[in-house]
1. Mind ranking 179-188, 265-274, 423-432 by how tightly packed they are, going by the mean number of other C-beta atoms within 10 angstrom, highest first?
2. Skipping prolines and chain starts, which residues have an amide H placed within reach, meaning under 5 Å, of the one on Val393, given they are 5 or more residues away or on another chain?
3. So what is the orientation-averaged projected area of segment 263-315, using the convex hull of its C-alpha atoms, in nm²?
4. Among Gly281, Ala231, Thr398, whose Cα sits farthest toward the positive end of the charge dipole of the chain (+1 at Cβ of Lys/Arg, -1 at Cβ of Asp/Glu, about the Cα centre)?
5. Which listed residue (Ala83, Phe66, Leu22) has the Cα farthest towards the positive end of the charge dipole for segment 1-84, taking +1 on Lys and Arg C-beta and -1 on Asp and Glu C-beta about the Cα centre?
6. Largest first, please: the extent of the C-alpha atoms of segment 362-441 along each principal axis, to the nearest Å.
7. Can you compute the charge dipole magnitude of the chain about its Cα centre, using +1 on each Lys and Arg Cβ and -1 on each Asp and Glu Cβ, nothing else charged? Give it in debye, rounded to the nearest 20.
8. On a full-extension model of 0.36 nm per residue, what is the gain between Ala115 and Thr306, subtracting their alpha-carbon distance, rounded to one decimal in nm?
Amino acid sequence: MNTLDLTPNRFVAGIEPLPKELHDKIERRERLLGASYRLMYHTPIEAVRGQGCTLIDNAGRTYLDFYNNVTSLGHCHPEVVSAIQRQVETLATNTRYLSETALDFAEKLLGEFHADLDRIMFTCTGSEANDLAMRIAFKHTGATGVIVSEHSYHGTTHLISSCSPNLGAAVQRYSHLETVPVPQTALGFEQSVAQALARFESRKIKPAALLIDTAFTSDGVFPGMPGMLDAGIDLFRSQGGLYIADEVQPGFARTGDTMWGFARHFSVPDLVTLGKPMGNGYPIAALVSRRELLDAFGSSARYFNTFGGNNVAIAAADAVLRVIREHELLARCSTAGTKLRSAIEAAVSPDWPQTELRQQGLMAALEFIPTQDGLNERLFANRVVNAMRHRGVLISTTGKLDNCLKIRPPLIISDTEIEKFADALNISVRDCLNDRSQNDG
Ligand SMILES: Cc1ncc(COP(=O)(O)O)c(C=O)c1O
């Protein structure tokens, strides 16, 4: 086994031969941007244009984009583009000025939530929204204990990165953090939360926030059964903590049945964070909560985010929400999700390694079930992702062992494109199995 390509879906020099021009561009990028950034795929893509479900590279080659859940309406959606264009030609300023458009949008977006969630604050990124949610939770509870899922990712700020186990052992953990495994059952989740609370108690820590990506996306996509989170959330709240639903991945119709992932359960969150698809590529994110939480926070702390909620961001987000509603993309996501499930099931063949498919709307993971330590399956998933890239279909990997294919096409994906994806999956896995048997032989 080549240990070099055991890394998650990222470029590692030397795995695939690269044309000199590409090699030089990668070197230049490293020289200028430093070591923190990762490129995807063993032969990275220089994307120069996006259109609908397609990315186009510098050589004019097209790729079916089954990965990007930011441009959830498709790349460069014309209604979002013209809303941004009109606004940027008119005014681009900040929340220190009155803007009726921002208020109209706030009203519309809050209309998508339970009536108790009646306040919204704008940020530029999901990380900022989560960071703000934690500040509010700490202030409201006077406590410091935070629970997240075992392999979750919540963002980049100092606090939030330390509450993102997905970043690995090299990133220092927040000292008052406890993790829970991805729940399989309601009882299992309740028990894990009870155990985490007991660990807090033994350390004399009081619970402040249960921060949950409601689709457990970075844990490997585990949407679970509706209602599965409620008992654990109730238990956490009974000890004074707040429930923060991180909707940066599942929000804005991605899961098909409901606009928000948390709405698949009964518990109404205390705080909800939004981001990624909110502006279909334009940076806008938000925090939604109840008036008493935000009023108490706001009366003692000023919050000004220079670009958060600027006029152009609001115009983009307003267009996104309108397109989702007018084009009935929630319902479309649900039917397309069913189509995606059956297409993947049909592509999976009995001679493949054992798989498990988890899918909710247009968010799916196909896991290659680990046999021993999962390294072979991780390597295999990585190879399939790269083989698909060469066949012109973009996906990535996810999960604690990185042994799951992560599949998230735009909400506007057509049945024909889903079939193309499934064909590429079938052929790519077959090619990888053939390569594996040749190498073993
Ligand atoms: C669940 C979740 N929360 C928060 C974030 C952070 O959002 P951003 O990159 O906009 O800061 C991400 C980003 O991938 C995410 O997946």
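1. Details: 179-188: 16.7, 265-274: 23.1, 423-432: 19.5.
Packing order, densest peptide first, comes out as 265-274, 423-432, 179-188.
2. Amide H neighbours of Val393: Leu64.
3. Working: hull surface 19.3 nm².
In nm², the orientation-averaged hull projection of segment 263-315 is 4.8.
4. Gly281
5. Leu22
6. 41, 27, 15
7. Working: 43 positive and 50 negative charges, 173 e Å.
The dipole magnitude comes to about 840 debye.
8. Values: separation 191, 0.36 × 191 = 68.76 nm, distance 2.87 nm.
Between Ala115 and Thr306, full extension yields an extra 65.9 nm.
All of the numbers you see were taken from the coordinates with simple rules; none came from a lab. Being a predicted model, the structure only gives us computed values, none of them experimental. Reconstructed Cβ throughout: ideal geometry from the backbone, glycine too, with neighbour counts over all protein chains shown.
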